[in-house]
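The next block holds one structure in the form of structure tokens; read it before the comments.
The values are calculated or read from the model by the stated rules, or taken from the named source; none is laboratory data. All of these numbers come straight from a predicted model, not from anything done at the bench. Positions of Cβ are backbone-derived with ideal geometry, glycine not excepted, and every protein chain shown enters the neighbour counts.
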Amino acid sequence: MSWYFEVWKKFATFSGRARRAEYWYFVLFNIIAAFIFGFIDGYTGNFNPEIGFGPLGGLYTLAAIIPGFAVGIRRLHDVGKSGWWLLIGIIPLIGWIWIFVLIVTEGDSEENQYGPNPKLA
């Protein structure tokens with residue numbers, strides 16, 4: 001859970017590097033939050049099936065967009081790629097697969113142009 005809060009502490013920090021654990025725990029807790037907020041929105045009758053979420057889920061999604069991009073960019077920095085590589089995700093299927101491969105790849109073991117190895121910090 002500390003990895004999740006670490007991303008929120010670095011809310012809009014697009015420089016530096018992020019370990020795989022930091023990225024994937026943030027993704028995991030976002031999925032859990034989506035289910036919880038979806039349940040609450042549905043239970044209170046505020047869930048809108050046309051758009052796929054209710055007010056709580058929508059507010060959380062808006063709040064998590066910037067930290068999500070930031071941790072994604074820092075994750076790409078860890079493997080030595082520019083944050084602009086996230087844009088390859090615009091390409092359906094091939095872009096998604098390539099981003100997934102980059103995100104699951106182990107980071108550079110030494111310092112790279114984006115900073116020191118976060119495992120050693």
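Out of segment 82-121, which residues are farther than 18 Å from VAL7 by Cα, of a type in the set (Gly, Ala, Ser) and either assigned to a helix (DSSP H, G or I) or out of contact with any helix residue (DSSP H, G or I) (no Cβ under 8 Å at 6 or more places or on another chain) (or both)?
Residues satisfying the conditions are GLY89, GLY95, SER109.
Output the number of residues of segment 27-55 satisfying the condition of being part of a loop (DSSP other than H, G, I, E, B) and exposed (fewer than 13 other Cβ atoms within 10 Å of the Cβ).
Adding up the residues that qualify gives 6.
Name the one entry in PHE26, PHE47 that is more than 14 Å from the chain's Cα centre (by Cα) and not charged (D, E, K, R).
Details: PHE26 fails: more than 14 Å from the chain's Cα centre (by Cα).
After applying the criteria, what remains is PHE47.
Would you pick out the residues in segment 106-121 that are surrounded by 15 or more Cβ atoms within 10 Å (Cβ to Cβ) and farther than 23 Å from TRP8 by Cα?
Residues satisfying the conditions are ASP108, ASN112.
Those residues that are of a type in the set (Ser, Thr, Tyr) and either within 18 Å of VAL7 (Cα to Cα) or modelled with pLDDT of 95 or more (or both), I need them from segment 40-81; list them, please.
Across segment 40-81, the qualifying residues are TYR60, THR61.
Considering each of LEU76, LEU93 in turn, give the residue that is on the phi > 0 side of the Ramachandran plot and hydrophobic (A, V, I, L, M, F, W, C).
Residue meeting the stated conditions: LEU93.
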